[in-house]
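Heads up: the structure comes next, in structure tokens.
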Amino acid sequence: VRLATVKGRATVLVGEDAFDVERASQGRFPARPAALFESWADFAEWAVNVGLAEDGRHREPVELALLDAPSPLPRQIYGIGLNYRDHAAEAGVTPPESPAVFTKFLTSIDGPYRDLVLPSSNVDWEGELVAIIGRRAHNVSVDDAWGYVAGLSIGQDYSERIVQAAGPVPQFSMGKSFPGFGPIGPWLVTPDEFADPDDLAIECTINGETVQKSRTSNLIFSVPELVSRLSTVTPLLPGDVIFTGTPAGVGWARKPQRYLRPGDVVVTRIEGIGAIKQGCIAR
Ligand code: ZN
């Protein structure tokens, strides 16, 4: 199942068709994605057969520019730092023994095809796999953890490196939370759609040049490991979002360092999901 948010409404995509969830379910499920995640298990079961329905069917292709994040109002947003060995190496730190966790504040979340307003000349890219929670998870085991994940999506964890490094201790949450710094999309794909949801090719390009390329099997803490470990402290809630970390190739670690400039186009791709794209513009 592929779930997108089109003009604020939960929409299931089947091939070229788009089904408005509230209309196609004749009101059984709500239009608002935040409410829909509360009944995720029932919805996911229903959505498998939605392609047979005529109610709520739209045959116009979905306009990518109109998409919002598949979970546009998560109550909790987790970011994981240094979760690929090659990225930890380029950052000059030893791989962590427990996940390095920060938050991206809600106002950073954005649709997958919007412009990125650069607040400074020190904005970096971080292409990431995003996991979206479908069921309250508290103290869940690694073996059970996939059962709490609604689906996977693509994100960018844009980072203002000066703000991130300022202060007596690093300010990850602030440096990564300017408006538009957390685009997610273009849709959520349920785990059953992947041959192996723990091993997906991930790539980030700038103006067509590949700057990051890896596989999610290289994550130090996999999606089920993260769900399990995070859930020992904070119960994860339906619709919550986890940015799982970025592979090597960020601009800060380059010699010379490279940051995003107005006119740059950033495309992030993950196998089995699709791509998201931001055009960078000056403030
Ligand atoms: Zn990141």
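The values are calculated or read from the model by the stated rules, or taken from the named source; none is laboratory data. What you see is a predicted model, and the numbers here were worked out from it, not measured in a lab. Note: ideal-geometry Cβ built from the backbone for every residue, glycine included; neighbour counts use all protein chains shown. To get the accessible areas, we keep the full protein, side chains included, count just its heavy atoms, and leave off ligands, DNA and RNA. Shrake-Rupley method; radii C 1.70, N 1.55, O 1.52, S 1.80 Å.
Please report, largest first and rounded to whole Å, the three semi-axes of the ellipsoid equivalent to the chain, where each semi-axis is the square root of five times an eigenvalue of the C-alpha gyration tensor. Walk me through the numbers on the way to the answer.
Values: eigenvalues 181, 93, 52 Å².
For the chain, the ellipsoid semi-axes come out as 30, 22, 16 Å.
Could you please state how large a percent of the accessible area of the chain is carbon and sulfur, counting protein chains only and using a 1.4 Å probe?
So the carbon and sulfur contribution to the accessible surface is 53 percent.
Rounded if a/c is under 1.5, else prolate if a/b beats b/c, else oblate: with a ≥ b ≥ c from the C-alpha gyration tensor eigenvalues square-rooted, which is region 34-141?
In terms of gyration-tensor shape, oblate.
Per residue, how much accessible area does the chain show when a 1.4 Å probe rolls over the protein heavy atoms, in square angstrom?
Per residue, the chain has 43 Å² of solvent-accessible surface.
Once R0 is set to 30 Å, what does the formula 1/(1 + (r/R0)^6) return for the Cβ-Cβ distance between Ala35 and Asp115, expressed as a FRET efficiency to the nearest 0.05?
Efficiency at R0 = 30 Å is approximately 0.55.
For the chain, what does -39500 (n - 2.57) per DSSP helix run (n ≥ 4), summed and divided by total residues, give at 222 nm, in deg cm²/dmol to the nearest 500?
-3000 deg cm²/dmol
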